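First the structure, in the form of structure tokens, and then the observations on it.
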Amino acid sequence: MAYWRSYAAAIERRKDGRKTGDFYFDIVAPEMKRISKELDKKIEELSLSASENFTNLLYTHKFLTKTFNKISHLEKRSLASKYLHFHCPEKVFIYDSRARDGIHKFVERPDKSILNNLQPDKFDKEYGDFVCRVLELKTLLEENLQITLSPRDIDNFLLSDAIKNYHKENKAKKKI
């Protein structure tokens, strides 16, 4: 199920429904080709970085988010996280509305100290907050339950919580 979900964000998905000719050929492909070498280098560095080094993750995510914004004129942090998760599943946490809503249930006020030494314009603050929350949940589970979860495990955990809530909400709607 996580694989299907990882493709659920599309760069051409627009709130205003506007189309711009052959969007992929005219706009997406040239921009992605332009950044391909730099992006490949960043993904390689991310894949080789230590698991506890989130600077590369946050900086690479911001780089890709900015690129997607240039292409679509929308914030595409979800798409950026899914793209990077596809390339580095053991390093990147998937961010989307279900994951965001789920993590807020488990971690109300995250410790954001890992963000203190980062350049504020080099990372997406919303994704940074999300990563801090996920790391706090991960630590809590490791300390209290002695289990170690990968980013993919965390994603599946948050998705399963979202699915349970979806079913609860639909049952409640049917009763009304």
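The values are calculated or read from the model by the stated rules, or taken from the named source; none is laboratory data. Keep in mind the model is a prediction, meaning the values are calculated, not measured. Note: ideal-geometry Cβ built from the backbone for every residue, glycine included; neighbour counts use all protein chains shown. Side chains are part of the model used for accessible areas, which takes the heavy atoms of the whole protein and leaves out ligands, DNA and RNA. Shrake-Rupley method; radii C 1.70, N 1.55, O 1.52, S 1.80 Å.
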Q) Could you list, in sequence order, the residues of the stretch 3-45 that are more than 20 Å from the chain's Cα centre (by Cα) and modelled with pLDDT under 60? A) Asp16, Gly17, Arg18, Lys19, Thr20
Q. So Ile114 clears everything in (1) modelled with pLDDT of 90 or more; (2) farther than 22 Å from Phe68 by Cβ; (3) crowded, with 17+ Cβ neighbours inside 10 Å; (4) not aromatic (Phe, Trp, Tyr) except one condition, right? Which one?
A. (1)
Q) With respect to Asp96, is the statement that it is acidic (Asp, Glu) and open to solvent by less than 70 Å² (accessible area, probe 1.4 Å) true? A) yes
Q: Might you let me know whether the stretch 46-65 holds any residue that is modelled with pLDDT of 95 or more, out of contact with any Phe, Trp or Tyr (no Cβ under 9 Å at 6 or more places or on another chain) and farther than 19 Å from Ile154 by Cα?
A: yes
Q: Please enumerate the residues belonging to the stretch 85-97 that are at pLDDT 90 or above and of a type in the set (D, E, K, R).
A: Lys91, Asp96
Q: Only residues in the stretch 40-54 that are over 21 Å from Cys132 (Cβ atoms) count as the first member; pair them with residues that are open to solvent by 80 Å² or more (accessible area, probe 1.4 Å), Cβ under 6 angstrom, at least 6 apart or cross-chain, and list the lot.
A: Ile43/His87
Q. Of the residues Phe93, Phe123, Phe130, Phe106, which single one is touching a Ser or Thr at 6+ places or on another chain (Cβ under 8 Å) and of a type in the set (Phe, Trp, Tyr)?
A. Phe93
Q | Where Glu75 falls short, out of the listed (1) under 8 Å from the mean Cα position of the chain (by Cα); (2) assigned to a loop (DSSP other than H, G, I, E, B) | A | (1)
Q: Please enumerate the residues belonging to the stretch 31-66 that are of a type in the set (Ser, Thr, Tyr) and open to solvent by 10 Å² or more (accessible area, probe 1.4 Å).
A: Ser36, Ser47, Ser49, Ser51, Thr55, Tyr59
Q) From the set of residues in the stretch 119-131 that are in a loop (DSSP other than H, G, I, E, B) and open to solvent by less than 20 Å² (accessible area, probe 1.4 Å), which is nearest to Leu79 (Cα to Cα)? A) Asp124
